[in-house]
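I have placed the structure first, in the form of structure tokens, so that the comments after it can refer back to it.
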Amino acid sequence: AGFAALVDGSRYDGLGAAASCRSKSDWLIGMNATRALTRRLKARKEKTAWSAGRVQTPTLAILVDRELEILAHVPRPYWQLEGRFRARDHEYAGTWFDPEFRAPEGEERENRDDRIFDEARANRLIETTRGASAVASETRKPSRETAPPLFDLTSLQREGNRRFGWSARRTLNAAQRCYEGHKLLTYPRTDSRCLPNDYRANVDEVLRAFAQTGPFQAEATHLIEKGLENTERTFDDAKVSDHFAIIPTGRLPESSLSGDDERLFDLVSRRFLANFYEPAVWNRVERVTEVAGQNFRSRSRT
């Protein structure tokens, strides 16, 4: 398809210039700075170089700054009050908060409207509000949550760690086996979460294959009948680099698929189907209960 629609190479001169700039900066910063630091800082018994680089050095600086921030942190004990309230037909909990609270500049992370740093004050609030009558008011707001995008390798590794406690290496190995050995997934070493515009027909083929048999028949049939959502976000040539997002190929797993490979294929397939679903609709409720001049907040999402 690429050879059938060739374009003038001058359209991509900018990519060549960018590559040339990266190459020169690697020499100017990476090679020269590494030699200079090694000569200046290396001890006689050291065998390795003091490495500096165009990418690794600023990235490492981010980690160092965060580590210094953690080391400089001084812990402070604080208290939070939770009240139990009885209405006519139900009971609910609420957390005390100060509606007039304003965090001092630079202390937003530690100071919050529901934290009390004075134990004596917390005890006074308990005695003031215990057993008192209360008045509640609430607001209800609908909200929509769009389905998450397709996986690239990094997001897949994060999800594998969050869901299964896998290391990045373990997730990559399972994805590589599903790609090379089982032919179930597309190329996993990708940094793109989109598909090219001309891949819509392939997606339809995968959905038809899933709708015939297997654990995702109902979900795939729903998408075929109702149509695909989020297509503008998903099919975007501008956001596809060397490889596109990780999706199923349309082949169904054999009975021999098990263990990590089975769980990873299930994870990618569910994300692939969910990506094209309509958004989730939530009803967000915030209830404020006032007791003896003090406010307690309750939140829920349905």
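Here is how the numbers come out for the structure above:
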quantity	calculated
Percent of beta bridges antiparallel (DSSP, the chain, rounded to nearest 5)	95
For the chain, calculated [θ]222 nm from helices alone, where every DSSP H run of n ≥ 4 adds -39500 (n - 2.57)	-12000 deg cm²/dmol
Per-residue ³J(HN,Hα) for the range 158-169, Karplus 6.51 cos²θ - 1.76 cosθ + 1.60, θ = phi - 60°, Hz, x for Gly and Pro	4, 5, x, 5, 5, 7, 10, x, 6, 6, 4, 5
Space enclosed by the convex hull of the alpha-carbon atoms of the range 151-212, per residue, Å³	98
Efficiency of FRET between Arg124 and Thr59 - r from beta-carbon atoms, R0 51 angstrom, step 0.05	0.55
Distance between the range 241-302 and the range 23-96 - C-alpha centres, whole angstrom	28
Three-way shape label, the range 213-253, alpha-carbon gyration tensor, a/c 1.5	oblate
Accessible area per residue in Å² at 1.4 Å probe, computed on the range 1-147	85
Mean-position separation - Cα centroids, the range 124-201 and the range 205-228, in angstrom	22
Degrees separating the helix 56-71 axis from the principal Cα axis of the chain, which is the longest one	20
Sulfur and carbon atoms: percent of accessible area, the chain [1.4 Å]	50
Dipole of the chain, positive end: most advanced residue of Pro148, His73, His182 [Cβ charges, Cα centre]	His73
GNM result for the chain, Cα springs below 10 Å: residue of Ala209, Ala220, Ala17 fluctuating most strongly	Ala17
Principal axes of the range 238-286: Cα extent on each, largest first, Å	49, 32, 17
Charged-residue dipole, Cβ positions (Lys, Arg, Asp, Glu), the range 129-227 about Cα centre, Debye nearest 20	500
Qualifying trypsin sites (Lys or Arg not before Pro) in the range 43-113, DSSP loop, other Cβ atoms within 10 Å at most 11	Arg44, Lys45, Lys47, Arg88, Arg102, Arg109
The chain: equivalent-ellipsoid semi-axes (sqrt of 5 x gyration tensor eigenvalues, Cα, Å)	47, 36, 20
Size of electric dipole in the chain: Cβ of Lys, Arg +1 and of Asp, Glu -1, about Cα centre, debye, nearest 20	1140
Inter-site label distance for His90 and Asp266 at 7 Å from Cα along Cβ, in nm	3.2
Förster radius 30 Å - calculated FRET efficiency between Thr154 and Glu225 (Cβ-Cβ, nearest 0.05)	0.35
In nm, spacing of pseudo-spin labels at Tyr12 and Val288 (7 Å Cα→C-beta vector)	5.9
Segments 166-172, 181-187 sorted - mean Cβ within 10 Å per residue, highest first	181-187, 166-172
Cβ-derived FRET efficiency at R0 45 Å, Ile70 paired with Arg251, nearest 0.05	0.45
Rh by Kirkwood over Cα pairs, then Stokes-Einstein D for the range 180-302 at 0.890 mPa s and 25 °C, µm²/s	145
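The values are calculated or read from the model by the stated rules, or taken from the named source; none is laboratory data. What you see is a predicted model, and the numbers here were worked out from it, not measured in a lab. Every residue, glycine among them, receives a Cβ derived from its backbone with ideal geometry; neighbour counts consider all protein chains shown. Side chains included, ligands, DNA and RNA excluded: accessible areas come from the protein's heavy atoms. Shrake-Rupley method; radii C 1.70, N 1.55, O 1.52, S 1.80 Å.
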